[in-house]
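The values are calculated or read from the model by the stated rules, or taken from the named source; none is laboratory data. All figures in this text were calculated on a predicted structure; none of them were measured in a lab. Note that we place each Cβ from the backbone using ideal geometry, even for glycine, and neighbour counts take in every protein chain shown.
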Amino acid sequence: MPVRLGSRSFDILIQLLWRAGEVVSKEELLQAVWPGVLVDEGSVRSTFRRFARPLPIVRRSRTAPIGS
């Protein structure tokens, strides 16, 4: 089943795939996905939710809280 992702969600996916098996910090995602842009916490959470919600393979129990 195809999943439609926005550009930021796709960028998050790419970052997580490149670092498969590792914990990726919020700061690292901010630098990679929003370089040089001041982004509020709500936007980061919203983008991550839009990315994670349609993906049944995401194991939420193994992810670190976004605020950590």
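Can you name the residue in the range 11-34 that is among the hydrophobic types (A, V, I, L, M, F, W, C) and exposed (fewer than 13 other Cβ atoms within 10 Å of the Cβ) and is also nearest to Thr47 (Cα to Cα) among such residues? Only one residue tops the list, namely Ile14. Scanning the range 20-37 for residues that are over 15 Å from Ala52 (Cβ atoms) and in contact with an Asp or Glu (Cβ under 8 Å, 6 or more places away or on another chain) yields a single hit, Ala32.
Filter the range 45-68 for residues that are touching a Ser or Thr at 6+ places or on another chain (Cβ under 9 Å) and surrounded by 13 or more Cβ atoms within 10 Å (Cβ to Cβ); which is modelled with the highest pLDDT?
Taking the range 45-68 first, the residues touching a Ser or Thr at 6+ places or on another chain (Cβ under 9 Å) are 47-48, 50-52, 64, 68.
Next, only the ones that are surrounded by 13 or more Cβ atoms within 10 Å (Cβ to Cβ) stay: 47-48, 50-52.
On the way: Thr47: 82, Phe48: 78, Arg50: 77, Phe51: 72, Ala52: 73.
Looking at residues that are touching a Ser or Thr at 6+ places or on another chain (Cβ under 9 Å) and surrounded by 13 or more Cβ atoms within 10 Å (Cβ to Cβ), I get Thr47.
Please verify whether Val3 is at pLDDT 75 or above and either within 12 Å of the chain's Cα centre (by Cα) or of a type in the set (Val, Ile, Thr) (or both), treating the condition exactly as stated. Here the answer is no, as Val3 does not meet what is asked. Regarding the range 35-44, can at least one residue be identified that is surrounded by 15 or more Cβ atoms within 10 Å (Cβ to Cβ), under 11 Å from the mean Cα position of the chain (by Cα) and modelled with pLDDT of 85 or more? No - not one qualifying residue is present in the range 35-44. Within the range 1-10, the set of residues being assigned to a helix (DSSP H, G or I) and surrounded by fewer than 10 Cβ atoms within 10 Å (Cβ to Cβ) comprises just one member, Ser7.
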